[in-house]
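J.: Dumping the structure here so I can ask a few things about it.
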Amino acid sequence: MNYILIPALVILCGLVVFSLVRGIIAFLKTTKIDLETGEAETVTEMQDLQNKAMFNRIKYQAMAIGVVAVIALVAGAGS
């Protein structure tokens with residue numbers, strides 16, 4: 001069972017980092033666009049991208065916590 005759960009945990013952790021980086025990049029672009037142009041339409045699109053990336057990060061973190069809980073249950077049952 002751990003042969004499946006450990007790689008799943010590693011993949012989910014990678015997705016968390018990827019989503020975090022995408023969200024930070026979207027945040028920086030939003031700030032840059034807002035400072036340079038002040039165009040609300042472009043800023044709103046970037047804010048939507050930022051919100052989606054951060055929601056994905058939370059979703060992947062929740063799944064990773066679930067995998068850790070299952071690993072802990074399996075380890076506890078084996079003792």
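Taken together, the values in this text are just the output of simple stated rules run on the coordinates, not laboratory data. Quick caveat, the model's predicted, so the values are computed rather than measured. With ideal geometry, Cβ positions are generated from the backbone for all residues, glycine too; neighbour counts draw on all protein chains shown.
J.: What is the dipole size for the chain, taken about its Cα centre, with +1 at each Lys and Arg Cβ and -1 at each Asp and Glu Cβ, in debye to the nearest 20?
T.: On the way: 6 positive and 6 negative charges, 85 e Å.
The dipole magnitude comes to about 400 debye.
J.: On average, how much area does the Cα convex hull of the chain cover when viewed from any direction, in nm²?
T.: 5.2 nm²
J.: For n ≥ 4 DSSP H runs only, could you compute -39500 (n - 2.57) per run for the chain, divide by its residues and tell me the 222 nm figure to the nearest 500?
T.: -34500 deg cm²/dmol
J.: Net charge around residue 24, counting only other residues with Cβ within less than 13 Å of its Cβ (Lys, Arg = +1; Asp, Glu = -1)?
T.: Neighbour charge sum, excluding residue 24 itself: +4.
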